[in-house]
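Just so it is clear, none of the values below were taken in a lab; they were calculated from the coordinates. These numbers come from a predicted model, not from an experiment. Cβ atoms come from the backbone with ideal geometry, glycine included; neighbour counts cover every protein chain shown.
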Amino acid sequence: MALRILLPLLLLAAALLLLPAEGVDNVASDCCLKTSKKNIPSAWVKSYRIQGPETGCLLRAVVFTTKKEKKICSSLTSPAIQKVIRRLEDKQKNPSQKPRRLQEKH
């Protein structure tokens, strides 16, 4: 009698484990849960992405990636953060050429 109840439950559990999960490849597992209120020097930042419901995240925010590969979550409404985003976009449109160093004569 217990086998009649237990067997269908075991089969259901096995089926759920074997079926591919929807949205596993979604970046939602890498969502910011809160944002920092600190200003970020634009020189530290190499890229950014926007997260929100369209990416599977509850919180709408900007995620900066620093040159040291750290992730920093910030509010999109902050004027200082908007300035950092504009600088990154300008840099992408017009990549600055590194100034040539003057070579010393020996």
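Sequence-distant or interchain residues sharing an amide H contact under 5 Å with Y48, placed H: which?
Those qualifying (amide H under 5 Å, at least 5 residues apart or on another chain) are T65.
Spelling out what I want: for every residue of segment 56-61, take phi, set θ = phi - 60°, compute 6.51 cos²θ - 1.76 cosθ + 1.60 (Karplus), and round to whole Hz; glycine and proline get x.
Running phi through 6.51 cos²θ - 1.76 cosθ + 1.60 with θ = phi - 60° gives x, 10, 6, 8, 7, 7 Hz.
For K83, which lysines qualify as cross-link partners when the Cα separation must be under 16 Å and same-chain residues fewer than eight apart are set aside?
Cross-link targets: K37, K38, K46, K91, K93.
Once you sort the root eigenvalues of the Cα gyration tensor of segment 29-94 as a ≥ b ≥ c, which label holds: rounded (a/c under 1.5), prolate (a/b larger than b/c) or oblate (the other case)?
Verdict is prolate for segment 29-94.
Name the residues whose placed amide hydrogens come within less than 5 Å of the amide hydrogen of C57, ignoring near sequence neighbours (fewer than 5 apart) on the same chain.
Residues meeting the amide H criterion: G52.
Going by average Cβ neighbours within 10 Å, how do the peptides 50-57, 87-94 rank, with the highest at the top?
Going from most to least packed, we get 50-57, 87-94.
Relative contact order (percent) for segment 29-94, with alpha-carbon contacts under 8 angstrom and 6 or more residues of separation?
32 percent
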